[in-house]
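Data block below; observations after.
The values are calculated or read from the model by the stated rules, or taken from the named source; none is laboratory data. Treat the numbers as computed from the prediction; the structure is a model and nothing was measured. Cβ coordinates were reconstructed from backbone atoms using ideal geometry, including for glycine residues, and neighbour counts include every protein chain displayed.
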Ligand code: TRP
């Protein structure tokens, strides 16, 4: 069966389009290569550009206002629910294969903001199973990263009454039966077409697990618009889940998506990755380390000499410290524009622009690190964020897989 050979024909006919590179870049959950053309990508994936009107309806946030999140799926139904004070949810997960850096935490801070403004329920699954299968790491190593990542997620400061943290191997009592149920609609051909060839049957099954994550708020809390704010490379998971949701007789609507660009790597455009060679800024980094990393590694849009820079000015559009300010770290539009204008005119030097970015990023990290440092035992801290027994039962019942011994 071909991946596009599914029952839906109208609005989502393009959703399972393959990830195969027809242009000179590749974007799948397991490989990001080449220079990404973000506009082409949403056409390739069949997603919609965010409109000015949609952005204006969201709570104001630089990641939206400046279009780091630039595309989506079914954004209107989420906005309608948020505006009507009706239930609405966000799912934003983490693959715990290493320490978290700046790029990982931005969607979490956006989710927190949306939760504060409109009361969104936020689900944050940690796919330790996926990372065990995808990376050459033991369960002990993945477990270590999972615990450390959880502390960073807790430090963001979500409302425990409206937030659930899920760990695939720990919450397997609910995740596994649901994933099995969803897996009946996932063929090897679909998995291969969407994700590329997988090394093991484990990774072939994993999309059923991530589809479970995306439907979980509805299985626990009832049918409601669900928005998944993620970097574009994760969109295939959303498409697969939407196809499954359309075929399964489940009391859920298809999850929507908010698709984001990658925070640029310090050494230039592309994906900021903790596993690649390019240095990245870890959430735990000390201020001196942040300063040193940016001073020595950040790609700038400055000129070769000070004289030339003063005369011809710099280019903020390729300058990584400026891009960091624009993504998140300088929320004030007027201030950002002033910095850009001074840079273009040559009044502001690359070194000075770097210092502004260092100042903003270290201030942000200091607050994050303070909140992290006061956390107690993980097992205690996470308790108010775990699914309750009633919620677990509810999800299994809604999916038609009631517990055997109840
Ligand atoms: N697969 C994602 C990654 O590798 C992590 C993840 C798991 C996720 N479940 C999710 C992301 C649900 C968004 C929504 O980073």
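Consider the stretch 223-241. How many of its residues are away from the ligand (no atom under 11 Å from the Cβ), crowded, with 23+ Cβ neighbours inside 10 Å and over 15 Å from residue 44 (Cβ atoms)?
Residues flagged as away from the ligand (no atom under 11 Å from the Cβ), crowded, with 23+ Cβ neighbours inside 10 Å and over 15 Å from residue 44 (Cβ atoms) within the stretch 223-241 amount to 2.
Need the failing condition index for residue 32 against (1) more than 16 Å from the ligand (Cβ to nearest atom); (2) in contact (Cβ under 8 Å) with a residue 60 or more places away in the chain, just the number.
Condition not satisfied by residue 32: (1).
Scan the stretch 153-186 for residues that are touching a residue at least 60 places away in the same chain (Cβ under 8 Å), closer than 30 Å to residue 247 by Cβ and buried (at least 16 other Cβ atoms within 10 Å of the Cβ) and report the count.
Number satisfying all stated conditions: 11.
Report yes if residue 76 is more than 13 Å from the chain's Cα centre (by Cα), modelled with pLDDT of 95 or more and not in a helix (DSSP H, G or I), otherwise no. Before the answer, list the steps.
Numbers: more than 13 Å from the chain's Cα centre (by Cα): yes; modelled with pLDDT of 95 or more: yes; not in a helix (DSSP H, G or I): no.
No, not satisfied.
Just to be sure, is residue 110 within 24 Å of residue 212 (Cβ to Cβ), within 16 Å of the ligand (Cβ to nearest atom), touching a residue at least 40 places away in the same chain (Cβ under 8 Å) and assigned to a helix (DSSP H, G or I)?
yes
If you go through the stretch 51-66 one residue at a time, how many are within 15 Å of residue 259 (Cβ to Cβ) and free of Cβ contacts under 8 Å to residues at least 24 places away in the same chain?
Total satisfying the criteria: 2.
Restricting to the stretch 208-231, name every residue that is assigned to a helix (DSSP H, G or I) and either under 16 Å from residue 94 (Cβ atoms) or touching a helix residue (DSSP H, G or I) at 6+ places or on another chain (Cβ under 6 Å) (or both).
To start, the set of residues in the stretch 208-231 that are assigned to a helix (DSSP H, G or I) comprises 208-221.
Answer for the stretch 208-231, where residues must be assigned to a helix (DSSP H, G or I) and either under 16 Å from residue 94 (Cβ atoms) or touching a helix residue (DSSP H, G or I) at 6+ places or on another chain (Cβ under 6 Å) (or both): 208, 209, 210, 211, 212, 213, 214, 216, 219, 220.
Residues in the stretch 115-123: is at least one surrounded by fewer than 18 Cβ atoms within 10 Å (Cβ to Cβ), at pLDDT 95 or above and part of a loop (DSSP other than H, G, I, E, B)?
yes
Exactly one of these conditions fails for residue 131: (1) in contact (Cβ under 8 Å) with a residue 40 or more places away in the chain; (2) within 13 Å of the ligand (Cβ to nearest atom); (3) surrounded by fewer than 24 Cβ atoms within 10 Å (Cβ to Cβ). Give me its number.
Here residue 131 clears every test but (1).
Mind listing just one residue for me: the one in the stretch 134-143 that is part of a helix (DSSP H, G or I) and within 13 Å of the ligand (Cβ to nearest atom) and, of those, surrounded by the most Cβ atoms within 10 Å (Cβ to Cβ)?
Applying the first criterion (part of a helix (DSSP H, G or I)) to the stretch 134-143 yields 134, 139-143.
Next, from what is left, pick out any that are within 13 Å of the ligand (Cβ to nearest atom): 134, 142.
Values: 134: 19, 142: 24.
This residue is 142.
Being modelled with pLDDT under 90 and on the phi > 0 side of the Ramachandran plot is the filter here; which residues of the stretch 180-234 pass it?
Of everything in the stretch 180-234, just one residue is modelled with pLDDT under 90 and on the phi > 0 side of the Ramachandran plot, namely 196.
From the residues in the stretch 79-97 that are in contact with a strand residue (DSSP E or B) (Cβ under 9 Å, 6 or more places away or on another chain) and within 15 Å of the ligand (Cβ to nearest atom), which one is farthest from residue 48 (Cα to Cα)?
If we take residues in the stretch 79-97 being in contact with a strand residue (DSSP E or B) (Cβ under 9 Å, 6 or more places away or on another chain) and within 15 Å of the ligand (Cβ to nearest atom), then 96 is farthest from residue 48 (Cα to Cα).
Can you confirm whether the stretch 144-152 contains a residue that is crowded, with 21+ Cβ neighbours inside 10 Å, under 12 Å from the mean Cα position of the chain (by Cα) and either within 10 Å of the ligand (Cβ to nearest atom) or outside any loop (DSSP other than H, G, I, E, B) (or both)?
Of the residues in the stretch 144-152, the ones crowded, with 21+ Cβ neighbours inside 10 Å are 145-146, 149-150, 152.
Now drop any that are not under 12 Å from the mean Cα position of the chain (by Cα), which leaves none.
For the stretch 144-152, residues crowded, with 21+ Cβ neighbours inside 10 Å, under 12 Å from the mean Cα position of the chain (by Cα) and either within 10 Å of the ligand (Cβ to nearest atom) or outside any loop (DSSP other than H, G, I, E, B) (or both): absent.
So, restricting to helices (runs of 4 or more DSSP H) that lie completely within the stretch 318-406, which ones have at least 3 residues that are free of Cβ contacts under 8 Å to residues at least 24 places away in the same chain?
Working: elements: 320-324, 333-345, 350-373, 378-382, 389-398.
Output list reads 333-345, 350-373, 389-398.
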